[in-house]
Amino acid sequence: MQHSVAFGIICLQILFCGACLAGYLEQKYPASVVEDTTLDMVGLTRKYHYPLEAHYVTTQDKYILCVFRLPRPKARPVFLMHGLLDSSITWLLSGPWSALGYYLYDLGYDVWMGNARGNFYSRNHTYYNANVDRSFWRFSWHEIGMYDLPAMIDYILHETGFVKLAYFGHSQGTTSFFVMTSMRPEYNEKITLMSALAPVAYMKNLEAPLMFLLRNFIAISGNAIYEFLPRTDLWRACFRSKMTEDTCFDYVYQIVGRDPKMWNATMAPVYVAHLPSGCNLKQVKHYIQLVDSGRFCQYDYGSAENQKRYNSTKPKEYPLKKITVPVALYYTYNDNLSSYKDVKQLAKELPNVVENCLYPNKRWNHMAIIWSAEARELAHNHMVEVMRKYEPPINQTV
């Protein structure tokens, strides 16, 4: 679950609210890094001379999702799906020298990057306005798995003419995939390999130090808040001074796992500027239910409503045995949001795990597989090698 950088920032927004004192950010960090904090997907790819297309996909329940593409027509399609409070830009933030999205494109793949409903890039609906209609926000990651992923996958296969694609998911991008392939098992046949980065399903052993703050926030907010941590400029409060910067990073480490060397510290403002990117608070509540129950199951609406929806007083578990697609698991010891103990349980439940990679680096955390300065050398190269083993001949994929 990627509460990631976002939840720590909620405390900073309270402590350091107000206009950022100019100077510290610009004095400490290179001008190119400061520039990247202001750029969106279009701006970043233009700056680094990569092609980009924006596609819009309508789901069965009428959400309009933005899917970005680094286009290589006729090349094998690869689909990347972000985690909670994140967006498609996470696959590019580390730059052409490190980011997985650019790397896959440079290797000759047709790279597609999805955006879940409710984040910065997917705030549209055929009928509802995300800014004023609460009906827009009646979803969890269950609906992302049931509707968003199938719609985007079908669109990509239709546009490219391929019958299968490779899938990379991070955190919630793995949870929603497990929802899709267990509840809509026909989608197993549309994926060559699922690469699960920091996978989240079972959460019994979660050890997030700030969980109590999150629980209190949800309890206090009641039903008054539905959109959670949309993108704002308040991240600048982290860079008013060395003290505020250290405080911000301390919260980050408490959420994702402490490892000051995990990322290229020079790029820290870029990560914080683009994350959080917003979600529905119900997504967070659903994850907390998994922590409390120790089960990987649908949303718990309470006994009475559960009886109506599930014909049971308890929410139904996702049938993991129906996930027949080959799955590669990549996870770490120092992850406060995806315990390696829970991933090992998941590995026992999934019927077709073809790679079970627990990284030996004891300090790698929840974001290391994506953002670490060493990620390409220590993680991405091997992921691509595994992915290629499951690629059928090109004439069998179109």
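What follows draws every value from the coordinates through simple rules; no lab data is involved. Predicted model only: the values in this text are computed from it and were never measured. Note that each Cβ is placed from the backbone with ideal geometry, even for glycine, and that neighbours are counted across all protein chains shown.
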Among W371, V284, V327, the residue whose Cα sits farthest towards the positive end of the charge dipole of the range 273-398 (+1 at Cβ of Lys and Arg, -1 at Cβ of Asp and Glu, taken about the Cα centre) is V284
Rounded Å value of the spacing that divides the Cα centres of the range 123-168 and the range 205-229: 25
Cut-off is 10 Å between beta-carbons; in what order do C357, C238 appear when sorted fewest neighbours first? C357, C238
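Fewest Cβ neighbours within 10 Å first, please rank F120, F212 accordingly.
F212, F120
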Please check: in the Gaussian network model of the chain (C-alpha springs, under 10 Å), which one of G95, G108, G173 has the largest mean-square fluctuation. G108
Helix-only mean residue ellipticity at 222 nm for the chain, each DSSP H run of n ≥ 4 adding -39500 (n - 2.57), per residue, nearest 500: -10000 deg cm²/dmol
Could you please report the charge total around C297, scoring K, R as +1 and D, E as -1 over all other residues with beta-carbon less than 10 angstrom from its beta-carbon? +1
State the label only: which of [x] 24.9; [y] 21.8; [z] 21.1 corresponds to Kirkwood radius over Cα pairs in Å computed from the shown model? [z]
Nearest-5 percent of antiparallel DSSP beta bridges in the chain? 40
Spatially proximal lysines relative to K74 (Cα-Cα < 22 Å; intrachain offsets below 8 disregarded): K164, K190, K389
At a 10 Å Cβ-Cβ cut-off, how would you order F168, F228, fewest neighbours first? F228, F168
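Where nothing but the Cβ of Lys and Arg (+1) and of Asp and Glu (-1) is charged, how large is the charge dipole of the range 331-391 around its Cα centre, in debye to the nearest 20?
Its charge dipole is roughly 160 debye.
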What is the local net charge at K316, summed over the other residues whose Cβ is closer than 11 Å to its Cβ (Lys, Arg +1; Asp, Glu -1)? +1
